[in-house]
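The values are calculated or read from the model by the stated rules, or taken from the named source; none is laboratory data. It should be emphasised that the depicted structure is a prediction, and the values quoted were computed from it without experimental measurement. Cβ placement follows ideal geometry from the backbone for every residue including glycine, while neighbour counts extend to all protein chains displayed.
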Amino acid sequence: MFRISTLTLVLCTLLVAAGGAFADKSDRLIRKAQRYFEPLPASMPGAAFDTEERIALGKKLYFDKRLSSNDTQACASCHKLEDGAAGVDNLPTSPGAEGQPGTRNSPTVLNAGWQKSQFWDGRAKDLADQAGQPILNPIEMGMPSEQAVIDKLSGLPEYPEAFARAFPDADPALSYSNLREAIAAFERTLRTEARFDDFLRGDGAALSEQEQRGLKAFMSVNCVRCHDGPLVGGTLHETLGSEAPFHNTTDQGRYEVTGDDKDRMTFKVAQLRNVALTGPWFHDGSGTDLKEVVRIMGRIQLDTELKDTQVEDIVAFLHALSGKELKQAP
């Protein structure tokens with residue numbers, strides 16, 4: 001007859017008790033986290049108008065290098081999606097059609113449609129507004145005008161028919177406005193759920209003990225002042241260096257758009273979904289180590305010198321924001 005020793009029974013009892021205590025702590029943390037965050041919504045604003053034809057056209061345009069002046073640059077060149085990429089090229093700043101580097105880090109296109117605005121300086125109000133700008137930017141894709149883009153696409157046999165299918169009631173169907181809308185329709189499909197969503201829905205086991213400690217620290221040191229909501233950010237414009245100067249003040253952010261002194265060093269607050277996969281960080285791509293980035297933000301935004309253990313735990317939590325279907329960082 002199989003016998004269970006007294007020691008085994010004691011160990012099993014302790015393990016069950018420890019598991020129960022962890023579950024209770026997780027439940028309390030879930031309830032607290034739900035005050036600041038919410039799971040990723042099912043669809044992005046505007047998605048109700050996205051037909052299969054518009055999404056297919058937008059995807060084709062997104063990957064088509066012929067949208068650039070010399071057929072070398074597509075949206076996907078800077079916002080990579082292949083092989084589990086996280087919607088960026090992981091460069092400090094991205095080279096354009098002629099090889100000249102841009103001035104700002106390329107943010108991820110994943111989940112971007114839930115943001116308050118687009119670009120680091122917030123100059124675009126939505127995905128469609130954003131989609132049309134890089135094509136005409138002389139450093140990025142370098143096309144000289146909207147009409148030049150339409151003329152080029154009109155001469156390619158596949159596009160007139162594709163635009164007609166995607167915009168059957170438009171005259172003309174092949175227009176720059178519809179090009180922007182089609183790319184936006186495709187980008188609204190780029191939704192990435194993370195283990196954090198499972199946690200917010202009540203699965204306490206979705207985050208490890210360290211990740212839960214990181215979430216608790218993230219809330220207690222007040223990172224949630226700017227990084228909250230479904231994207232863990234992306235809804236505010238804030239002064240970078242509100243408590244201590246940022247190390248690079250060459251780029252003045254929204255001030256370069258508005259000319260208003262109150263907008264000096266003001267940038268869109270980055271969404272933190274997939275942040276562990278989208279380095280280098282900051283608007284200038286100067287952050288090369290996520291732990292150091294967290295430490296810097298604690299100091300210059302919160303006037304807080306984070307302890308090493310807090311930094312380690314917060315970074316562990318940030319990894320739990322990575323899309324489950326994406327290639328994970330080592």
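Points to keep in mind about this one:
- Residue match in region 90-104 (condition: at positive phi, surrounded by fewer than 18 Cβ atoms within 10 Å (Cβ to Cβ) and within 14 Å of the chain's Cα centre (by Cα)): yes
- Selection from region 116-160 of residues that are in a loop (DSSP other than H, G, I, E, B) and more than 29 Å from Thr258 (Cα to Cα): Gly155, Leu156, Pro157
- Members of region 43-57 that are assigned to a helix (DSSP H, G or I) and loosely packed, with under 15 Cβ neighbours inside 10 Å: Ala48, Phe49, Glu52
- For region 247-264, a residue qualifies if it is touching a strand residue (DSSP E or B) at 6+ places or on another chain (Cβ under 9 Å) and in contact (Cβ under 8 Å) with a residue 40 or more places away in the chain, and the qualifying residues are Asp251, Gly253, Arg254.
- Exactly one residue out of Asp83, Asp50, Asp24 is closer than 28 Å to Asp228 by Cβ and at pLDDT below 95, and it is Asp24.
- Filter result for Gln310 (of a type in the set (S, T, N, Q) and modelled with pLDDT under 95): no
- Within this structure, Thr304 fails the test of being assigned by TED's automatic domain parsing to the domain that holds Gly229 and either without any contact (Cβ under 8 Å) to a residue 40 or more places away in the chain or closer than 23 Å to Leu190 by Cβ (or both).
- Evaluating Phe63 against the criteria (1) touching a helix residue (DSSP H, G or I) at 6+ places or on another chain (Cβ under 7 Å); (2) within 30 Å of Phe218 (Cα to Cα); (3) not small (Gly, Ala, Ser) leaves one unmet condition, (2).
- Residue match in region 287-298 (condition: under 25 Å from Gly102 (Cα atoms) and in a loop (DSSP other than H, G, I, E, B)): yes
- Residues located in region 133-160, provided they are within 22 Å of Arg104 (Cα to Cα) and more than 28 Å from the chain's Cα centre (by Cα): Pro144
- Residue in region 157-170 that is without any contact (Cβ under 8 Å) to a residue 60 or more places away in the chain and among the aliphatic types (A, V, I, L, M) present: yes
- Among the numbered conditions (1) in the same structural domain as Phe218 (by TED's automatic domain parsing); (2) of a type outside the set (Gly, Ala, Ser); (3) touching a Gly at 6+ places or on another chain (Cβ under 8 Å); (4) more than 18 Å from Cys223 (Cα to Cα), the only one that Lys327 does not meet is (1).
- Region 161-197, residues that are out of contact with any Lys or Arg (no Cβ under 8 Å at 6 or more places or on another chain), assigned to a helix (DSSP H, G or I) and closer than 17 Å to Lys60 by Cα: Glu161, Phe163, Ala164, Arg165, Tyr176, Ser177, Asn178, Leu179, Arg180, Ile183, Ala184, Glu187
- Qualifying residue in region 265-286 (condition: charged (D, E, K, R), assigned by TED's automatic domain parsing to the domain that holds Val232 and assigned to a strand (DSSP E or B)): yes
- Flag if Ala205 is within 24 Å of the chain's Cα centre (by Cα) and not charged (D, E, K, R): no
- Residue that is farthest from Cys223 (Cα to Cα), among those in region 288-305 that are of a type outside the set (A, V, I, L, M) and either within 16 Å of the chain's Cα centre (by Cα) or surrounded by fewer than 17 Cβ atoms within 10 Å (Cβ to Cβ) (or both): Thr288
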